[in-house]
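*Asks:* I have a structure I would like to understand better, so I am pasting it below and will then ask my questions one at a time.
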Amino acid sequence: MLTDLYEGLTAESPTGAAVPAVASSWTVDPAGTEYTFHLRPDARWSNGKPVRAQDFVVAWRRVLDPKQGSPVADDLRLIAGAGVIIAGQAAPETLGVAALTDDVLIVKLSQPAAYLPQILAHSAAFPCTPIAAARTHSPGEWVSNGPYVLSKWQPGTSLALTRNPAYWDKANVHVPAVEYQITSDDGSQYARYRAGQIDLTDSVPANMLPALRA
């Protein structure tokens, strides 16, 4: 669901390769420890505001701040200064990332990591909207930058998403709406999948595994 609603600097292709997303391109210095990402000028939040390099800086500092207790903080540990921030020994503002301009982001690493573009496709590296009022669970106020926006939410039951008209690559978003059904019962979820009532399930009851392996 997060990858439907949000988008990072990079995305993952069907083959698992990192491809441009919010960042249209990037370069790396000869030492392999400093990346420069160039944000595409048509990257927009769903309210029409531009996605800025600073939105990533704020988001990543928040993920690494131990006060937030993020379970995905380690995904960004390869950025310079991240380890001591996670340990509570330095302020999040010391992280090795900077917005050179609104559309240029500098990322410094503690050591070379050629797989950084793949890491930045993960939800841990998604940007945060700078509008505090948008940080809500209300579909009418929700702001995101991915191919879809939240249109309906019934807690514990379902979420409905519709295409984001402000998304930079909206011409290639061919599915007009997505609905997520929420259930804590693996058996009923699997039964609905077998009956064709849902298109995909991430759970299979333990008692069905032997039959599937046969």
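The values are calculated or read from the model by the stated rules, or taken from the named source; none is laboratory data. Computed from a predicted model, the values in this text were never measured in an experiment. Neighbour counts are summed over all protein chains in view; Cβ atoms, including those assigned to glycine, are modelled from backbone coordinates with ideal geometry.
*Asks:* Considering region 41-82 alone, what residues qualify as being assigned to a loop (DSSP other than H, G, I, E, B) and of a type in the set (A, V, I, L, M, F, W, C)?
*Replies:* Residues satisfying the conditions are Ala43, Trp45, Val51, Val72, Leu78, Ala80.
*Asks:* I would also like to ask the following. If Ser24 satisfies all but one of (1) surrounded by fewer than 16 Cβ atoms within 10 Å (Cβ to Cβ); (2) among the polar types (S, T, N, Q); (3) part of a strand (DSSP E or B), what's the number of the condition it fails?
*Replies:* With respect to (1) surrounded by fewer than 16 Cβ atoms within 10 Å (Cβ to Cβ); (2) among the polar types (S, T, N, Q); (3) part of a strand (DSSP E or B), Ser24 is out only on (1).
*Asks:* Could you identify the single residue in Ser24, Ser110, Ser70 that is within 30 Å of Ala171 (Cβ to Cβ) and either hydroxyl-bearing (Ser, Thr, Tyr) or over 17 Å from the mean Cα position of the chain (by Cα) (or both)?
*Replies:* Just one listed residue meets the conditions, Ser24.
*Asks:* Would you point out which residue out of Glu93, Glu12 is free of Cβ contacts under 8 Å to residues at least 40 places away in the same chain and of a type in the set (D, E, K, R)?
*Replies:* Exactly one residue qualifies, and that residue is Glu93.
*Asks:* Here is a list: Arg44, Arg62. Which entry is assigned by TED's automatic domain parsing to the domain that holds His122, of a type outside the set (Phe, Trp, Tyr) and surrounded by fewer than 17 Cβ atoms within 10 Å (Cβ to Cβ)?
*Replies:* Exactly one of Arg44, Arg62 is assigned by TED's automatic domain parsing to the domain that holds His122, of a type outside the set (Phe, Trp, Tyr) and surrounded by fewer than 17 Cβ atoms within 10 Å (Cβ to Cβ), namely Arg62.
*Asks:* Name the single residue, out of those in region 150-178 being part of a strand (DSSP E or B), in contact with a strand residue (DSSP E or B) (Cβ under 8 Å, 6 or more places away or on another chain) and among the polar types (S, T, N, Q), that is farthest from Pro41 (Cα to Cα).
*Replies:* Ser158
*Asks:* Being part of a helix (DSSP H, G or I), modelled with pLDDT under 90, out of contact with any Gly (no Cβ under 9 Å at 6 or more places or on another chain) and not assigned by TED's automatic domain parsing to the domain that holds Gly48, is that true of even one residue in region 134-148?
*Replies:* Yes: one or more hits.
*Asks:* So Thr3 passes all but one of these: (1) in a helix (DSSP H, G or I); (2) over 20 Å from Tyr115 (Cα atoms). Which condition number does it fail?
*Replies:* Checking Thr3 against (1) in a helix (DSSP H, G or I); (2) over 20 Å from Tyr115 (Cα atoms), the one that fails is (2).
*Asks:* Quick one: which residue in Val63, Val58 is closer than 29 Å to Lys170 by Cα and in contact with a Ser or Thr (Cβ under 7 Å, 6 or more places away or on another chain)?
*Replies:* Residue meeting the stated conditions: Val63.
*Asks:* Still on this model: Can you tell me which residue within region 7-21, out of those that are within 16 Å of Leu105 (Cβ to Cβ) and assigned to a loop (DSSP other than H, G, I, E, B), is farthest from the chain's Cα centre (by Cα)?
*Replies:* Going through the qualifying residues, I end up with Ala21.
*Asks:* Out of Gln111, Gln118, I need the residue that is under 29 Å from Pro14 (Cβ atoms) and polar (S, T, N, Q). Which one?
*Replies:* Matching residue, one of Gln111, Gln118: Gln118.
Matching residues to (1) farther than 18 Å from Asp4 by Cβ; (2) surrounded by 12 or more Cβ atoms within 10 Å (Cβ to Cβ); (3) outside the structural domain of Gly16 (by TED's automatic domain parsing); (4) not aliphatic (A, V, I, L, M):
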{"position": "Ser70", "(1), (2), (3), (4)": "yes, yes, no, yes"}
{"position": "Leu78", "(1), (2), (3), (4)": "yes, yes, no, no"}
{"position": "Ala98", "(1), (2), (3), (4)": "yes, yes, no, no"}
{"position": "Tyr115", "(1), (2), (3), (4)": "yes, no, no, yes"}
{"position": "Arg163", "(1), (2), (3), (4)": "no, yes, yes, yes"}
{"position": "Ala166", "(1), (2), (3), (4)": "no, yes, yes, no"}
{"position": "Glu179", "(1), (2), (3), (4)": "no, yes, yes, yes"}
